[in-house]
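Scroll down for the structure; my scribbles are underneath it.
Rule-based calculations on the coordinates, nothing more; no lab input. Predicted model, so just to flag it, every value in this text is computed and none were measured. Backbone-built Cβ (ideal geometry, glycine too); neighbour counts: all protein chains shown.
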Amino acid sequence: MKMMFQIGLLFGVCLVGQAISVFLPVSFPGSVLSMIILFLLLFSGVVKVDHIKQKADFLLKNMAFFFIPAGVGILLSFDLIKNNILPLLIIVVVTTILTFGATALTVQGVIALQDRLARSKLKKGEPHE
Amino acid sequence: MSEVYASPFFGIFLSILTFETGVWINKKTKSAVANPLLIAVILCILILKIFRIPLESYYVGGDLISVFLGPATAVLALSVYSQFALLKKYFLPILLGTVVGSAVSMSSAYLLCKVFHLDAALTASMLTKSVTTPFAIAISQNIGGVPSVAVAAVVMTGILGAVFAPLLIRLFHVKNPIAAGVAIGTSSHAVGTSKAIELGETEGAMSGIAIGMAGIVTVIISIFL
């Protein structure tokens, strides 16, 4: 599919996501709404993977690049952060490790539990509540 | 000279130059700590400081790059779509994982802020550290935080997640790529996801799903604060 078409389609979806986010009663980011809209368009078959493949691959492969200006923005709150730099760093490090561990272990635990339930059902030879 | 800095080409060129330098260093050292985003941000800040270039000048071009964060988040839908069978099959574990993870993130941040006697505004800015930037700005404003601090906390968390994701996977003995992906997305949002994409397609898609889910869960929890 032509590049201009792919870019146009993607920006169009983002525009609709932004528009919906403006009219929602709760604050919800437009970019996440755009992701949901694009998913629904792909799921319903209105948009085919080919329609956005090259542009999407470019964005996904270079995603980190687009965060550079946000990262440099740390300078904006530099004074506030500077005075509390040590506690803030400790909090960021500790909570990130805790969050990662809690999430990973929950996902693995629930999957293991589901597998065990499925197997015990299979053993008894009959499905039950 | 200021006319040169104030041109949009300056911010864009500096970002590309520092990022490609980061990618090059990353390839040479093959070290996770040599994260291209981390290197690019540090180099940009150093260059702006050394040459006394105002941040506003950098943002003339930098803002144009930030515009692409929207489409970059939106195209995660493509990863989710290509991994839809997995999402359907493991919906419950993924949902519970993001709920538990988001709750742990917010409560541990809250408790640690209390331990360090940080004020209410700073605490409110730290609660949203694990969700993606647009969510963090919206939520932290609602609960009395400082948006620029919230964004800084989000970026620091994201870079940390991206740098240490492979290490954390080993530390917690995460064997399942679905669990790894959900954990990366829930703990370190889109920046972490950029690393998850490198680890594998399943990891990337699950991390992408977790960004949205963790964001929504965090919004819901913040309503009760």
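Working from the alpha-carbon coordinates of the protein assembly as shown, get Rg over Rh, Rh being the Kirkwood radius.
Radius of gyration relative to Kirkwood radius: 0.98.
Taking +1 at the Cβ of each Lys and Arg and -1 at the Cβ of each Asp and Glu, which of B:179, B:22, B:125 sits farthest along the dipole of the protein assembly as shown towards its positive end, judged by Cα position relative to the Cα centre?
Of the listed residues, the answer is B:179.
I'd like to know which of B:42, B:55, B:99 lies farthest towards the positive end of the charge dipole of segment B:19-102, counting +1 on Cβ of Lys and Arg and -1 on Cβ of Asp and Glu.
Final value for the positive-end residue is B:99.
Under Stokes-Einstein, with the Kirkwood radius over Cα pairs standing in for Rh, what whole-number D in µm²/s applies to chain B at 20 °C and 1.002 mPa s?
117 µm²/s
Go through segment B:155-206 and name the trypsin sites (Lys or Arg not before Pro) that are in a DSSP coil and have 10 or fewer other Cβ atoms within 10 Å of their Cβ.
Counting only loop positions with at most 10 other Cβ atoms within 10 Å, the trypsin sites (Lys or Arg not before Pro) in segment B:155-206 are B:175.
Could you tell me which chymotrypsin sites (Phe, Trp or Tyr not before Pro) in segment B:46-128 are loop residues by DSSP with no more than 11 other beta carbons within 10 angstrom of their beta carbon?
In loop regions of segment B:46-128 (DSSP not H, G, I, E or B), the sparsely surrounded chymotrypsin sites (Phe, Trp or Tyr not before Pro) are B:51.
Quick one: the Cα spread of segment B:65-116 along its three principal axes, in angstroms, biggest first?
The principal-axis extents, from largest down, are 43, 36, 7 Å.
So which trypsin sites (Lys or Arg not before Pro) in segment A:40-116 are both in a DSSP loop and have at most 12 other Cβ atoms within 10 Å of their Cβ?
Sparse-neighbourhood loop trypsin sites (Lys or Arg not before Pro): A:48.
Which value, in Å³ per residue, describes the convex hull spanned by the Cα atoms of segment A:1-61?
77 Å³
Using the Karplus curve 6.51 cos²θ - 1.76 cosθ + 1.60 with θ = phi - 60°, work out ³J(HN,Hα) for each residue of segment A:84-95 in order, rounded to whole Hz, and write x for Gly and Pro.
Values per residue, Gly and Pro as x: 10, 4, 5, x, 4, 4, 4, 4, 4, 5, 4, 5 Hz.
Specify which residue in the list A:120, A:85, A:102 is farthest towards the positive end of the charge dipole of segment A:74-129, using unit charges on the beta carbon of Lys, Arg (+1) and Asp, Glu (-1), about the Cα centre.
So the residue we want is A:120.
Taking R0 as 41 Å, what's the FRET efficiency between residue B:91 and residue B:63 from their Cβ-Cβ distance, rounded to 0.05?
That gives a FRET efficiency of 0.65.
Where nothing but the Cβ of Lys and Arg (+1) and of Asp and Glu (-1) is charged, how large is the charge dipole of the protein assembly as shown around its Cα centre, in debye to the nearest 20?
Computed about the Cα centre, the dipole is about 940 debye.
Taking the Cα-to-Cβ direction at residue B:33 and at residue B:198 and moving 7 Å from each Cα, how far apart do the two end points lie in nm?
1.5 nm
Please compute, over every Cα-Cα pair in segment B:2-67, the percentage with a separation greater than 16 angstrom.
Cα-Cα pairs in segment B:2-67 separated by more than 16 Å: 46 percent.
Which pairs in the list A:53/B:175; A:61/B:195; A:61/B:30; B:28/B:195; A:53/B:30; A:48/B:89 are over 20 Å apart, alpha-carbon to alpha-carbon?
Check vs 20 Å cut-off fails for A:53/B:175; A:53/B:30; A:48/B:89.
Determine ³J(HN,Hα), in whole Hz, for all residues of segment B:173-182 in sequence, where each value follows from phi through the Karplus function 6.51 cos²θ - 1.76 cosθ + 1.60 and θ = phi - 60°; x replaces Gly and Pro.
After applying 6.51 cos²θ - 1.76 cosθ + 1.60, I find 6, 7, 8, 8, x, 5, 4, 4, x, 4 Hz.
Pop a pseudo-label 7 angstrom from the Cα along the beta-carbon direction at both residue B:42 and residue B:119 and give the gap in nm to one decimal.
It is 3.1 nm.
Just to verify a number: FRET efficiency for residue B:51 and residue A:54, C-beta to C-beta distance, R0 = 22 Å, to 0.05?
Step by step, r from the Cβ atoms, then E = 0.05.
Share of Cα-Cα pairs in chain A beyond 24 Å, in percent?
Counting every Cα pair in chain A, those more than 24 Å apart make up 63 percent.
Could you size up the charge dipole of segment B:2-67 around its Cα centre, putting +1 on the beta carbon of Lys and Arg and -1 on that of Asp and Glu, and report it in debye to the nearest 20?
With Lys and Arg at +1 and Asp and Glu at -1, about 400 debye.
Pop out the Kirkwood hydrodynamic radius of segment B:182-225 from its pairwise C-alpha distances, inverse of mean 1/r, in Å to one decimal.
10.2 Å
Taking the 0 to 90 degree range and rounding to the nearest ten, how far is the long axis of helix B:36-50 tilted relative to the main principal axis of chain B, both from C-alpha atoms?
Computed tilt is about 30 degrees.
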